[in-house]
Amino acid sequence: MTRAVVVGSGPNGLAAALTLADRGVEVLVLEAAEAIGGGTRSGELTLPGLLHDECAAAHPLAVDTPFSRRFDLAAHGLTWRWPEIQYSHPLDGGTGAAAYRSVDETAVHLGRDGRRWKSLFGALAERFDGIAADVLRPMLHVPRHPIQLARLGLPSAAPVNLLAQRWSTPEAQALFAGVAAHAFRPFTSPMSSAVGIVLGTAAHRYGWPVAEGGSRSVGRAMVSMLEALGGRIETGVRVDSLEELGAPDIVMLDVRPVAAARIAGDRMPRRIARALTRYRHGPGVFKVDFAVQGGVPWAHEPSRRAGTVHVGGGLRDIAVKESLVQGGRMPEEPFVLVCQQYLADPSRSNGDVHPVYAYAHVPSGYTGDATARIEAQIERFAPGFRDRILARHRRSVAEIEAHNANYVGGDVVTGSNDPLQLVFRPRVALDPYTVGIPGVYLCSAATPPGAGAHGMCGYNAATSALRRLTRGPAPEVRPMPRPGGRDIVASRELAVPDSRR
């Protein structure tokens, strides 16, 4: 029987394990932590009976993918729940804007900017199933829906500051600025709009659901299915070298790129090792979880019904904050993301006491305590918030990285979304999951399509491994030119097909 070892039990490691086990491969998953799940772990961080997500909160790209269509996680206990409003953006004075699952409803509430909002997101949302089929694969492939992908690509290439000028009201501009800030990029940077357009479109097509019972339910469902397929998991096992794994046919590494190079050691071609060690990480986050009596009293009433609230003022305010963070400076009033998962999943609360999730964008490796700044930002748009706090749990940048080694410097999206790396991650290669060692693959969120508990990085990597396994030895590799004159090794083969091929 073909044997595989998966290093890391985050959603991508587990997705890789499931994809292999479903094809009859004997799979062993090794996890360094004592609990499985990586970024999908949840726990009672503040008070008994309050369930907090430790990293991944909402899951807009996990609902309808090649992976989710192939593996029925609902049969193993995963249930999605949606808030009434997918995300919102409060402004000073009690005004603001909100994104509904319906493009039309969102447009109505945006007033004179509604038509222009719909002109961007309406056609994309209608065609997003086809677009997602291409977006969730490596960029170097022949598009299956080229016209639809072009509709997404043209506005995505623009800097946020430029694209936001299509709207004239502060509310519409701020609504886009908040979702675009998920990219952790300066708003003047080319392609800084890409992440915001994808997540905004996904909100209108799939919504931003949460997992009932916490994001840990995602990992638990995957483990349940894996065990039903004969796979095994061992926790508390740290892997420092490929030599420790024996001689499996396939090794899947759900780790950061530099860790993959370290684990592979001299077995990895030098050019690939150099490329992986040059992989760039982005800014970090400082996270605070609150136990809040009665919920957050947002002055902007729709924000009281939103699963995610983007806090930071208007377009220009957020643009300044993101530029400061990118430059290594901590803003006095940082951009803050607040999640109210309990609105969709009341089981997370204890009576009228609710778990509230918040993090601020901070410079990579930030050593300060951002708790007071986070609370001040929320208080600014929700007067009386501080008086409702019953308990809080802080997680600094260093603690975030210690909790999950893939989050270097607090980088929870596992890599900078600068233009080159957004397209070519973790290196310039036709098959970015290969690492130049037959049978060894990288499957973390540092590979396409990037961050999120959608499992597609692991699914794509495992599909690549299976394809090569049936064809015999891995193909030769050849150097490809990299901007700046350096060479990177790339596979000759085109990357991953979806499960239907």
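The values are calculated or read from the model by the stated rules, or taken from the named source; none is laboratory data. From a predicted model like this one, the values you see are computed outputs, not experimental measurements. Neighbour counts run over all protein chains shown; Cβ positions are idealised from the backbone, glycine included. Just the protein is used for accessible areas: all its heavy atoms, side chains included, with ligands, DNA and RNA removed. Shrake-Rupley method; radii C 1.70, N 1.55, O 1.52, S 1.80 Å.
Quick check, is Trp208 part of a loop (DSSP other than H, G, I, E, B) and not small (Gly, Ala, Ser)? Write out each step before concluding.
Details: part of a loop (DSSP other than H, G, I, E, B): yes; not small (Gly, Ala, Ser): yes.
It is true that Trp208 is part of a loop (DSSP other than H, G, I, E, B) and not small (Gly, Ala, Ser).
Residues checked against (1) modelled with pLDDT of 95 or more; (2) open to solvent by less than 20 Å² (accessible area, probe 1.4 Å); (3) basic (Lys, Arg):
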position	(1), (2), (3)
Asn161	yes, no, no
Ala164	yes, yes, no
Ser193	yes, yes, no
Val210	yes, yes, no
Ser215	yes, yes, no
Arg232	yes, no, yes
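Could you please give the count of residues in region 411-470 that are among the basic types (Lys, Arg) and surrounded by fewer than 24 Cβ atoms within 10 Å (Cβ to Cβ)?
We begin by selecting, within region 411-470, every residue among the basic types (Lys, Arg); these are 425, 427, 467-468.
Now restrict to residues that are surrounded by fewer than 24 Cβ atoms within 10 Å (Cβ to Cβ): 467-468.
Counting residues in region 411-470 that are among the basic types (Lys, Arg) and surrounded by fewer than 24 Cβ atoms within 10 Å (Cβ to Cβ) gives 2.
Of (1) without any contact (Cβ under 8 Å) to a residue 24 or more places away in the chain; (2) closer than 21 Å to Ala358 by Cβ, Ala107 satisfies all except one. Which?
Of everything listed in (1) without any contact (Cβ under 8 Å) to a residue 24 or more places away in the chain; (2) closer than 21 Å to Ala358 by Cβ, Ala107 misses just condition (2).
Output the residues belonging to region 381-397 that are assigned to a helix (DSSP H, G or I) and either touching a Phe, Trp or Tyr at 6+ places or on another chain (Cβ under 8 Å) or open to solvent by less than 70 Å² (accessible area, probe 1.4 Å) (or both). First the steps, then the outcome.
Keep residues of region 381-397 that are assigned to a helix (DSSP H, G or I), which gives 381, 385-388, 397.
Correct list: Phe381, Phe385, Val397.
Would you confirm, using the coordinates I've provided, whether Ser68 is open to solvent by less than 40 Å² (accessible area, probe 1.4 Å) and out of contact with any helix residue (DSSP H, G or I) (no Cβ under 8 Å at 6 or more places or on another chain)?
On the way: open to solvent by less than 40 Å² (accessible area, probe 1.4 Å): yes; out of contact with any helix residue (DSSP H, G or I) (no Cβ under 8 Å at 6 or more places or on another chain): yes.
So Ser68 passes the test.
For the list (1) open to solvent by 40 Å² or more (accessible area, probe 1.4 Å); (2) touching a residue at least 24 places away in the same chain (Cβ under 8 Å); (3) assigned to a helix (DSSP H, G or I); (4) within 24 Å of Asn404 (Cα to Cα), I need the number of the one condition that Arg262 fails.
Of everything listed in (1) open to solvent by 40 Å² or more (accessible area, probe 1.4 Å); (2) touching a residue at least 24 places away in the same chain (Cβ under 8 Å); (3) assigned to a helix (DSSP H, G or I); (4) within 24 Å of Asn404 (Cα to Cα), Arg262 misses just condition (2).
Look at region 307-328 and say how many of its residues are touching a helix residue (DSSP H, G or I) at 6+ places or on another chain (Cβ under 9 Å) and either surrounded by fewer than 19 Cβ atoms within 10 Å (Cβ to Cβ) or among the charged types (D, E, K, R) (or both).
So in region 307-328, the residues touching a helix residue (DSSP H, G or I) at 6+ places or on another chain (Cβ under 9 Å) come out as 307-319, 321-322.
In the following step, the residues that additionally are either surrounded by fewer than 19 Cβ atoms within 10 Å (Cβ to Cβ) or among the charged types (D, E, K, R) (or both) were identified as 314, 316-317, 321-322.
Adding up the residues that qualify gives 5.
In region 275-306, how many are of a type outside the set (D, E, K, R), open to solvent by 10 Å² or more (accessible area, probe 1.4 Å) and either closer than 24 Å to Gln165 by Cα or not in a loop (DSSP other than H, G, I, E, B) (or both)?
The qualifying residues number 4.
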